[in-house]
1. Taking the stated definitions as given, is Arg72 in contact (Cβ under 8 Å) with a residue 12 or more places away in the chain and assigned to a strand (DSSP E or B)?
2. Filter segment 25-42 for residues that are open to solvent by less than 70 Å² (accessible area, probe 1.4 Å) and of a type in the set (Val, Ile, Thr); which is farthest from the chain's Cα centre (by Cα)?
3. Report whether or not Ser64 is polar (S, T, N, Q), out of contact with any Asp or Glu (no Cβ under 6 Å at 6 or more places or on another chain), assigned to a helix (DSSP H, G or I) and farther than 22 Å from Ser92 by Cα.
4. Working only within segment 37-69, note down all residues that are under 14 Å from Gly18 (Cα atoms) and in contact with a strand residue (DSSP E or B) (Cβ under 7 Å, 6 or more places away or on another chain).
5. Looking only at segment 4-18, how many residues end up being assigned to a strand (DSSP E or B) and either open to solvent by 100 Å² or more (accessible area, probe 1.4 Å) or in contact (Cβ under 8 Å) with a residue 40 or more places away in the chain (or both)?
6. For residues that are within 24 Å of Val12 (Cβ to Cβ), aliphatic (A, V, I, L, M) and out of contact with any Phe, Trp or Tyr (no Cβ under 8 Å at 6 or more places or on another chain), scanning just segment 43-73, find the one that is surrounded by the fewest Cβ atoms within 10 Å (Cβ to Cβ).
Amino acid sequence: GSGKEASTTYRVCERYRGFTLVELELHTGRTHQIRVHLSYLGHPIAGDTVYGGRHQTRQTLGGSGEGAVLQRQALHAATLTFSHPATSKKCS
């Protein structure tokens with residue numbers, strides 16, 4: 001299909017064994033934009049089974065024992081900033 005244009009800038013903050021902490025800036029606001037872009041780059045969000053991530057267990061994290069440690073997407077925001085739709089003022 002012909003998708004709409006979407007733009008995301010990313011910066012690597014820290015690397016871990018098997019994971020990377022990134023900072024993302026979305027220039028557009030498309031549905032699933034972050035998930036799609038990171039998956040396309042070959043680095044899906046941990047726990048995002050729809051876009052290629054996987055649930056994390058103690059074993060996949062290098063430990064012992066059974067059971068999932070992470071059964072959801074590891075997608076969290078430290079800050080959110082957007083332009084107010086009526087005034088265009090930046091809101092955080």
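1. Considered against the rule, which asks whether it is in contact (Cβ under 8 Å) with a residue 12 or more places away in the chain and assigned to a strand (DSSP E or B), Arg72 comes out as no.
2. Thr28
3. no
4. His43, Ala46, Gly47, His55, Gln56, Thr57, Arg58, Leu61
5. The total comes to 4.
6. Val50
The values are calculated or read from the model by the stated rules, or taken from the named source; none is laboratory data. Just so it is clear, the structure is predicted and the values come from calculations on it, not from any experiment. Every residue, glycine as well, gets a Cβ built from its backbone with ideal geometry; the counts of neighbours run over all protein chains shown. Side chains are part of the model used for accessible areas, which takes the heavy atoms of the whole protein and leaves out ligands, DNA and RNA. Shrake-Rupley method; radii C 1.70, N 1.55, O 1.52, S 1.80 Å.
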